[in-house]
Amino acid sequence: MNFMNVARPKSTQNSRGQSLVETALMMPLLVLLVLNVVNLAYFFLVTTNLTAAARSAALSSIEGSYSPYALEEAPSGTSSSTITTTPGTVAYTAYQDLTGAVWNPTNSLNSIQVCTQVNTNSTTNSGVNGTGTSQVANCLACTSSGCSAANGYAGSPAPSADPEAPSFVLNQVDITYCFQTLIPGAIFNVPLQASAICNTGSVCGAGSCQFTRRARMRSMGP
């Protein structure tokens, strides 16, 4: 009785385990791509929330007597450590918008600058700097520990004059926020590392990104 040995084609033998090898080679690249997308998506989510917070705070600063709640413009903030729990201030409005939307908005590196004519300089007894077409609002820098005069009320960054100054004054809100990615590591943040806002020279330190968002709205002059 004769038996025939049926040999498998050579191509079939060579392809054994090929899919496993391809998967092993591609998996790191796929994971790297997915994690970069996750961090980039979170980046845009934070940007959206910061932009909305600055706009809401600027709107709060000009409402004043136009709001049924208040008869005058809201103060920028207080000098006490209860700024995050004291309603009625512009800084409080901004912090409330950021709370729950971004991670740790009350970090000491984060700040909110509010420029409005409500900020009265005790030396000049005025809520504005300059005269005529160069007139700008006084600025306070607010952190979780309270508010104080920003650069001698001149602001940093300094506010701009309204195109129709002194009849109108621009109220300006600047929010500075130190952004931490969800997944740390330069290899998982390739697009962000190429951004100008993510560098070791910022106040946020290495591995962080510094966001600055600004909103301006005009109000009647003094």
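Just a few scattered comments:
- The chymotrypsin sites (Phe, Trp or Tyr not before Pro) of the stretch 59-165 meeting both criteria, a DSSP state outside H, G, I, E and B (loop) and at most 15 other C-beta atoms within 10 angstrom of the site's C-beta, are 69, 103.
- The amide H of residue 221, built 1.01 Å from its N in the peptide plane, has 168, 169 as neighbours under 5 Å, considering only residues 5 or more places off or on other chains.
- Environment charge at residue 216 (Cβ cut-off 11 Å; Lys +1, Arg +1, Asp -1, Glu -1): +1
- Among (i) 26, 19, 17; (ii) 57, 16, 15; (iii) 29, 20, 17, the entry that matches semi-axes √(5λ) of the Cα gyration tensor in Å as calculated here: (ii)
- Between helix 18-63 and the chain: long-axis angle, C-alpha atoms, 0 to 90°, nearest 10: 10 degrees
- Full-stretch length increase - residue 103, residue 134 - with 0.36 nm per residue and alpha-carbon distance subtracted: 7.4 nm
- Around the amide H of residue 179, modelled in the peptide plane, lie the amide H atoms of 209, 210, 211, all under 5 Å away and 5 or more residues distant in sequence or on another chain.
- Taking 20 °C and 1.002 mPa s as conditions, the stretch 132-222 diffuses translationally at an estimated 140 µm²/s according to Stokes-Einstein applied to its Kirkwood radius (Cα pairs).
- Charge context of residue 160, other residues only, Cβ under 15 angstrom, K/R +1, D/E -1: 0
- Going by neighbour counts of Cβ atoms within 10 Å, the residues 209, 115, 147 line up, fewest first, as 209, 147, 115.
Readers should treat all values here as calculations from the given coordinates under stated rules, not as data from a laboratory. In this text the structure is predicted, and so the values were computed from the model without any measurement. Quick reminder, even Gly has a Cβ in these numbers, built from the backbone with ideal geometry, and neighbours come from all protein chains shown.
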